[in-house]
1. Looking at 88, 100, can you tell me which residue is in a strand (DSSP E or B), among the hydroxyl-bearing types (Ser, Thr, Tyr), assigned by TED's automatic domain parsing to the domain that holds residue 346 and buried (at least 18 other Cβ atoms within 10 Å of the Cβ)?
2. For residues in the range 148-171 being of a type in the set (A, V, I, L, M) and in contact (Cβ under 8 Å) with a residue 60 or more places away in the chain, which is farthest from residue 243 (Cα to Cα)?
3. Could you tell me whether the range 165-184 includes any residue that is of a type in the set (Asp, Glu) and within 26 Å of residue 232 (Cβ to Cβ)?
4. On the given criteria, is residue 337 touching a residue at least 60 places away in the same chain (Cβ under 8 Å), of a type outside the set (Lys, Arg) and more than 30 Å from residue 175 (Cα to Cα)?
5. Only one of 18, 25 is of a type in the set (Val, Ile, Thr), outside the structural domain of residue 358 (by TED's automatic domain parsing), at pLDDT 95 or above and buried (at least 19 other Cβ atoms within 10 Å of the Cβ); which?
6. Filter the range 239-263 down to residues that are touching a residue at least 60 places away in the same chain (Cβ under 8 Å) and not in a strand (DSSP E or B) and give me whichever is nearest to the chain's Cα centre (by Cα).
7. May I ask you to say which residue of 400, 405 is in a loop (DSSP other than H, G, I, E, B), closer than 21 Å to residue 88 by Cβ, aromatic (Phe, Trp, Tyr) and not assigned by TED's automatic domain parsing to the domain that holds residue 16?
8. Is it the case, given these coordinates, that residue 446 is under 28 Å from residue 111 (Cβ atoms), of a type in the set (Lys, Arg) and at pLDDT below 95?
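The values are calculated or read from the model by the stated rules, or taken from the named source; none is laboratory data. On a predicted model such as this, the values are computed, not experimentally measured, just so you know. Positions of Cβ are generated from backbone atoms using ideal geometry, with glycine treated the same way; all protein chains shown enter the neighbour counts.
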Amino acid sequence: MPVDMVLHNAKIYIRGRIVEAGLAIDEGRIIRIAKETNLPPASTKLNLKGHVTLPGLIDSHVHLRNQQLAYKEDFFSGTAAAAAGGVTLTIDMPNNKPVTMDSISLRERMRLAERRAVVNVAFYSAFPQKLEEVPSIVKEGAMAFKLYMSEKIGGLDIDDDKLLLQAFNRVAKMGVPVAVHAEDRKILETKRREMEKTGRKDVEAYVKARPPEAEAQAIKRIVQLAKKSGVQVHFCHVSSAVGLNAFLTAKKDGLPVTCEVTPHHLLLSLEHLKRYRTLALTNPPLRTRKDVIALWSALKQGFIDALASDHAPHTVEEKEVESVWDAKPGIPGLETTLPLLLTQVSEGRLTIADLVRLTSEKPAEIFNLRNRGCLEEGNWADIVVVDINRKYKIDSSNFYSKAKYSPFDGWSVKGKPTKTFVNGQLVMDEGEIVAKPGTSQIVRWKG
């Protein structure tokens, strides 16, 4: 019997090196990696033209919106953007309308995504009003809990350390991670009041209202709770040198902590924010060049665990406003992450091994995504094929995302995803989405 598909004439990234080989796929999984003569017959055979073949990206920080925010993004447009960017699994954040914070709201999001998504989708939940609901949320399939230290999203009083510790203890028993947006609410509110009193409404005032100290303070606070509870903590979008140092202290102490950085915090700085204004506004905000250098240094030393887009789509009208306090913070990133990173590979700042570790292998490990994150026999066939030599300019008007803007607009990049396979099915081919909505999987936590 022939297998479903054979991909041949490929340069496949396997366990730290690139080998010339082919892949046999059957029932969504990789069943053989071998030279073409040793591959089984197949119903479909695709020539990958010698292009580099990598594990599909796992983007652990994505806002797919939908429901009452569907005008910004929906499960089809967001996952189509993911497929176009070589992302085969997204983990959806809970700050939606309604907030994902119990088994009922989680089940509803899963139901909607199941019908519309073209890449695999997993889900975060915010903490519920009643902590005894934590097990039912995990049983429903939540991949992790998300805690926002900058504002109350979900059922927890973020100013109550005793309550946070109770929550962490419960989650630790379930074995799932807690992802944290680390910016201290009290510092943010105090600084913003100071800026507003002076009548300032420019982007530099926004940066002063969200200082690096707020990030460091929140990280230190969470680390103390992690010490007491033993819960696995994943710090989202670390952006500053002082925040990074607070995290690294915890890591060196052997605590179960990981962190991610975003392409925009690695490649943009305060100078870009002044130039692009509110289009480049995000939380945490873009930092100084010194902070960018610190992030790159930590990345090269292997201290950063993952790269994630923090894809946060809004309408252009919500971004281009007169007062920075009225602007919606967030940058769409699903379609730019891989080309930007491949460009860094081309320029020698990253290796292919770094890229795969940060965007596929380590996210799969952090979130216990079994049989994903690397190209191995028996794993799901989540694959991105890239033309590492193709040069082009980023053009947000062509995004599949509803957010048709980007601070990377017009940037020259080298390296383009040309094909994306999700569970063995070709979903994106040369920029075109070729799969029907609802062809992917909802990926649930498996403890």
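1. Every option except 88 fails the conditions.
2. Among residues in the range 148-171 that are of a type in the set (A, V, I, L, M) and in contact (Cβ under 8 Å) with a residue 60 or more places away in the chain, the one farthest from residue 243 (Cα to Cα) is 171.
3. yes
4. no
5. Numbers: 18 fails: buried (at least 19 other Cβ atoms within 10 Å of the Cβ).
Being of a type in the set (Val, Ile, Thr), outside the structural domain of residue 358 (by TED's automatic domain parsing), at pLDDT 95 or above and buried (at least 19 other Cβ atoms within 10 Å of the Cβ) holds for just one of 18, 25, which is 25.
6. Our first condition is that a residue be touching a residue at least 60 places away in the same chain (Cβ under 8 Å); within the range 239-263, this holds for 243, 258, 260, 262-263.
Cutting the leftovers down to not in a strand (DSSP E or B) gives us 243, 262-263.
On the way: 243: 19, 262: 8, 263: 10 Å.
Taking the candidates together, the pick is 262.
7. Of 400, 405, the one residue that is in a loop (DSSP other than H, G, I, E, B), closer than 21 Å to residue 88 by Cβ, aromatic (Phe, Trp, Tyr) and not assigned by TED's automatic domain parsing to the domain that holds residue 16 is 400.
8. It is true that residue 446 is under 28 Å from residue 111 (Cβ atoms), of a type in the set (Lys, Arg) and at pLDDT below 95.
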